[in-house]
Amino acid sequence: MIYLDWKSKCRKYNVIIEQNCVDYIISLAQGNNPNEIGSSLLGSYKQDGFTAIIKGVSPIPKDSVFTRFFFKRGASGLKEYYKKLYNDTEGTIHYIGEWHSHPYGEPIPSGKDDKTLFGVCNNFKINCPECISLIIGNDLIDKPKLGLYVYSRVNGRIKLLPEIGKNPFGNLI
């Protein structure tokens, strides 16, 4: 298995993504091009609480809304999905953030993205104080690019960068 390792400049935050997960996200974004699309990121945190491993994504709810410049993830069926995921993995795999596409745009969070993700990390019912955002942008078919961010209750939005020498994805970043 090949992984992509992303770290914050301060080296406090670390996100590891399995290649097959990135490939799947790219295929979903390409299949919905030119409209935005997205869903939840699934994974786990290491004991330190600052290292996350993204293992997969949730299904895209049927009540999601997709347009060229807008995406709103629905919630239809997710409660049941997360309950089953929790039971099947004994709680080891769970919600850790969101991913979505910016077709022909930069993989940088918009103001609406910031509002949504700060809402998630500050919502104690969701229990995701370090919420991850993965954005796939640029030309989704020929030259997709990834942006990865952590939204922290304490430290705000933190951009992560790929580890030098550990990028198995070529020019995706």
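For the reader, a short list of remarks on this structure follows.
For every residue, the table says whether it meets (1) modelled with pLDDT of 95 or more; (2) touching a Lys or Arg at 6+ places or on another chain (Cβ under 7 Å).
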site	(1), (2)
Ile2	no, no
Lys12	no, no
Ile17	no, no
Val22	no, no
Leu28	yes, no
Asn35	yes, yes
Gly38	yes, yes
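- Some residue of region 71-90 being in a helix (DSSP H, G or I), touching a Leu at 6+ places or on another chain (Cβ under 8 Å) and either touching a residue at least 24 places away in the same chain (Cβ under 8 Å) or closer than 29 Å to Lys143 by Cβ (or both): yes
- Each residue in region 133-144 was checked for being part of a strand (DSSP E or B) and buried (at least 19 other Cβ atoms within 10 Å of the Cβ), and 7 of them qualify.
- Residue selected from region 29-45 under the condition assigned to a loop (DSSP other than H, G, I, E, B) and under 17 Å from the mean Cα position of the chain (by Cα), by the criterion farthest from Glu18 (Cα to Cα): Glu36
- Residues that are among the β-branched types (Val, Ile, Thr) and farther than 17 Å from Val57 by Cβ, drawn from region 127-147: Ile141
- Subset tally (residues that are in contact with a helix residue (DSSP H, G or I) (Cβ under 8 Å, 6 or more places away or on another chain), surrounded by fewer than 19 Cβ atoms within 10 Å (Cβ to Cβ) and part of a strand (DSSP E or B)) for region 56-66: 2
- Count of residues meeting criterion [in contact with a Phe, Trp or Tyr (Cβ under 6 Å, 6 or more places away or on another chain) and closer than 13 Å to Val57 by Cβ] in region 1-17: 0
- Hits in region 130-158 - residues which are within 16 Å of Phe50 (Cβ to Cβ), in contact (Cβ under 8 Å) with a residue 40 or more places away in the chain and β-branched (Val, Ile, Thr): Ile132, Val150, Ile158
- Residue count for region 6-28, restricted to those that are buried (at least 18 other Cβ atoms within 10 Å of the Cβ), within 14 Å of the chain's Cα centre (by Cα) and assigned to a strand (DSSP E or B): 5
- Considering residues of region 100-109 that are surrounded by 14 or more Cβ atoms within 10 Å (Cβ to Cβ) and within 15 Å of the chain's Cα centre (by Cα) only, the residue farthest from Gly137 (Cα to Cα): Pro109
- Test: Ile54 is β-branched (Val, Ile, Thr) and under 17 Å from the mean Cα position of the chain (by Cα): yes
The values are calculated or read from the model by the stated rules, or taken from the named source; none is laboratory data. Being a predicted model, the structure only gives us computed values, none of them experimental. Don't worry about glycine lacking a Cβ; one is built from the backbone with ideal geometry, like all the others, and counts go over all protein chains shown.
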